[in-house]
1. Restricting to region 248-266, and then to whatever is in contact with a helix residue (DSSP H, G or I) (Cβ under 8 Å, 6 or more places away or on another chain) and hydrophobic (A, V, I, L, M, F, W, C), can you tell me which residue is nearest to LYS23 (Cα to Cα)?
2. So, of the residues in region 5-17 that are in contact (Cβ under 8 Å) with a residue 12 or more places away in the chain and part of a loop (DSSP other than H, G, I, E, B), which turns out to be nearest to the chain's Cα centre (by Cα)?
3. Which residues, counting only those in region 24-51, are over 13 Å from the mean Cα position of the chain (by Cα) and in a loop (DSSP other than H, G, I, E, B)?
4. Kindly indicate whether any position in region 181-190 is of a type in the set (Gly, Ala, Ser), touching a residue at least 40 places away in the same chain (Cβ under 8 Å) and open to solvent by 40 Å² or more (accessible area, probe 1.4 Å).
5. Can you give me the number of residues within region 280-305 that are in a strand (DSSP E or B), open to solvent by 60 Å² or more (accessible area, probe 1.4 Å), touching a residue at least 12 places away in the same chain (Cβ under 8 Å) and farther than 19 Å from ASP20 by Cβ?
6. Would you be able to tell me the number of residues in region 1-51 that are charged (D, E, K, R), surrounded by 18 or more Cβ atoms within 10 Å (Cβ to Cβ) and under 24 Å from ALA113 (Cα atoms)?
7. Please count how many residues of region 217-246 are open to solvent by 50 Å² or more (accessible area, probe 1.4 Å), part of a loop (DSSP other than H, G, I, E, B) and modelled with pLDDT of 90 or more.
8. Testing THR208 on (1) in a loop (DSSP other than H, G, I, E, B); (2) on the phi < 0 side of the Ramachandran plot; (3) in contact with a helix residue (DSSP H, G or I) (Cβ under 8 Å, 6 or more places away or on another chain), one condition comes back false. Which one is that?
Amino acid sequence: MKAVILAGGRGSRLMPFTEDLPKPLLPVAGSPILDYVTAQLKHYCVEEEILTLGYKAQLICDYVSGYRGIKTRCRTEDKPLGTCGSVKHAEKFLGDVFLVLSGDCISDIDLSAMADFHRASGAEVTMAVKEADDASQYGVVKSDDRGLVTRFYEKPGSNAYGNTVNLGVYVVDRKVLSLVPENTAFDFSKDLFSLLMERKTLYSYKHTGYWSDLGSIKSYYETNRLFLSGYKYPYLDAMDATMQLKGTNAVAKSARLYGRAAGSIICGDSVVKRGAQVFDCVVLGGKVSGAHFKRIIKDGIFVDV
């Protein structure tokens, strides 16, 4: 099976940290988000990943050129095509059934079980769903006992329609791409889902494990902190690969910690200078001086959480 990874967005809600680095390359516990997505695909024996790119595409292409154990292809768009339009743009590389994932989310969804469910249900598209405490900023899904999606509400702004949300992970039959116009902005949630609900071919697959969309400063910070507190991602041991524990901190092997730190993740070539104090922070790079608490820090930029 092949997979499309949607990795073209600007990551606007994570500015200023995405001004010089696309969101899929932002580190979580020292490893870029895209490493987690690719490790998950490799675990489930996906043979090829096709990245749809826009913002700072060349940085991502250069980075993934170092991947091994999975064929990686980059497709850059001249203009934004939306989530589904991006998949249409890569159609000639896809098989009869394929996966679609976001390049800026981390999950431990069982992709094999999800694909089996998709085939058994007769769906044209199956979406992964999960219950969320706050569903207001996600697509909310209503399904029957078989998983057939009966209603979909895109970012309703409250929990009034329920709290089962779309995770942005799909199993897709290639034939539905005939519904998608060429070279035109077209979204799964805004455009395709309504067509499939009329055809009764849109299904949901319930996920009860881990998922984070890393869509805001708060969620990005909390995801990093989860790894620091002992969470082990099943497909990539990022802490062993790039980080080492020093007291209550996780410190990159290339970082230097001369000042005081506690409960912090210190990535890359960061330097915490003598006299600096860093408590419950995520340091993404640069030299750090002064005192900081519950902040994301990069190259002299500080954002409170």
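The values are calculated or read from the model by the stated rules, or taken from the named source; none is laboratory data. Every value quoted in this text rests on a predicted model; they were computed, and no experiment measured them. In this analysis, Cβ positions are derived from the backbone assuming ideal geometry, glycine residues included, and neighbour counts consider all displayed protein chains. For the accessible areas, the whole protein counts, side chains as well, though only heavy atoms, and no ligand, DNA or RNA atoms are used. Shrake-Rupley method; radii C 1.70, N 1.55, O 1.52, S 1.80 Å.
1. Among residues in region 248-266 that are in contact with a helix residue (DSSP H, G or I) (Cβ under 8 Å, 6 or more places away or on another chain) and hydrophobic (A, V, I, L, M, F, W, C), the one nearest to LYS23 (Cα to Cα) is ILE265.
2. ALA7
3. ALA29, GLY30, TYR44, CYS45, VAL46, GLU47
4. yes
5. 2
6. 3
7. Here the count works out to 1.
8. Failing condition for THR208: (3).
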